[in-house]
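A.B. asks: Submitted below is the structure of interest, expressed as structure tokens.
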Amino acid sequence: MAKALVIGAVGQIGSELTLALRKKYGGNNVVAATRKSEFPPEIAASGPCEYLDVADKAKMKLSMQRHGIDTIYQLAALLSATGEKNPDLAFEINLLGLKNTLDAARESGVKRVFWPSSIAAFGPTTPRENTPQRTVLEPSTMYGVTKVSGELLCQYYFLRYGLDIRSVRYPGLVSWKAEPGGGTTDYSVAIFYEAIRNKTYKCFVGPDTVLPMMYMPDAIRGTIELMEAPAEKISVRTSYNLAAMSFSARELAEEVARLVPDFSCTYEPDSRQKIADSWPKSIDDSQARRDWGWASKYDLRKMSEDMVSNLRLKLLGK
Ligand code: AKB
């Protein structure tokens, strides 16, 4: 039986994607890999786990061959804010790590690869409203540089080697199971945690900052749907625009205040404001809708209600 390997399996996306894939395809058919030292109990208990580093192509290749891996989800990355603190490391993990993974994959007979791009592939010269699928890609962060270069690398490996690589440009992802780390859109998750814990939040972008966002269940479902779509439906081999909702930091705070009585939010923009200002406000994802039937299910209200009820249970036990 063919198997999947999730590299970066304990991150914000990986920890939920690994469990969703195991539920769908069987625990033993999805290998979870990380270079971190510990797997969360749910992942450790539900299927095989490996320690892999995207810098070590030989070890990745051995693992792919030993498990008979057919599909790879390569999620290991530094996010935008951490990437600006350490651009060299971001380049190594995000871009050289992707190349190592793609080389190990094609040398091991892997058929399909998923790799996430991001709205960070866009930059200050990109049209910011309803950003088109094909447009200016001149990001101002190292994270964005690795995303644009990675998209082109994925397309090149598809055209040159026939490796069936698929990708989406995720918006900011909101989730309650695993917290994000080092991203510019992290405020959209932190605000919920702090509202439940302390009824107050100091937001690191200004109230009028509008960014495209998506709730994690939509992101996981979209990723699996893209990977299951027939190859002839995939017309974009760089990365698909993907959208769900757009809101300002103020609108988010108002929604949280509706659900958490006495919640208050203050604003103290830091260096992440400049990154947020360089990204689109809204995304045109009509190509993904046309090609493989993408449709989001969560808007701001539905997402916030689900976040608050799950976090109340997780953090307060009620
Ligand atoms: C980040 O903020 O860096 C990420 C992203 C939009 O890719 N969440």
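The values are calculated or read from the model by the stated rules, or taken from the named source; none is laboratory data. Bear in mind the structure is a predicted one, so any value in this text is a computation, not a measurement. All Cβ positions, even for glycine, are placed from backbone atoms using ideal geometry, and neighbour counts span all protein chains on display.
A.B. asks: Can you say whether Tyr215 is surrounded by fewer than 16 Cβ atoms within 10 Å (Cβ to Cβ) and more than 11 Å from the ligand (Cβ to nearest atom), as far as the supplied structure shows?
C.D. replies: no
Results for (1) loosely packed, with under 14 Cβ neighbours inside 10 Å; (2) more than 30 Å from Thr135 (Cβ to Cβ); (3) in the same structural domain as Glu194 (by TED's automatic domain parsing), shown as yes or no for each residue.
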{"position": "Ser248", "(1), (2), (3)": "no, no, yes"}
{"position": "Arg258", "(1), (2), (3)": "yes, yes, yes"}
{"position": "Cys265", "(1), (2), (3)": "no, yes, yes"}
{"position": "Ser271", "(1), (2), (3)": "yes, no, yes"}
{"position": "Ile275", "(1), (2), (3)": "no, no, yes"}
{"position": "Leu311", "(1), (2), (3)": "no, yes, yes"}
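A.B. asks: Cβ-Cβ distance below 6 Å, separation of 6 or more or different chains: which pairs start in segment 217-232 with a residue that is over 15 Å from Trp115 (Cα atoms) and end on one that is assigned to a helix (DSSP H, G or I)?
C.D. replies: Ala229/Trp292
A.B. asks: From the list Gly144, Gly97, pick out the single residue that is buried (at least 19 other Cβ atoms within 10 Å of the Cβ) and either more than 30 Å from Pro41 (Cβ to Cβ) or basic (Lys, Arg) (or both).
C.D. replies: Gly144
A.B. asks: Give me a count of the residues in segment 174-190 that are in contact with a Lys or Arg (Cβ under 7 Å, 6 or more places away or on another chain) and more than 9 Å from the ligand (Cβ to nearest atom).
C.D. replies: Looking only at that region, the number is 1.
Residue-wise test of (1) within 16 Å of the ligand (Cβ to nearest atom); (2) closer than 19 Å to Gly14 by Cβ.
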site	(1), (2)
Lys85	yes, no
Glu107	no, no
Pro116	yes, yes
Gln133	no, no
Glu151	yes, no
Val168	yes, yes
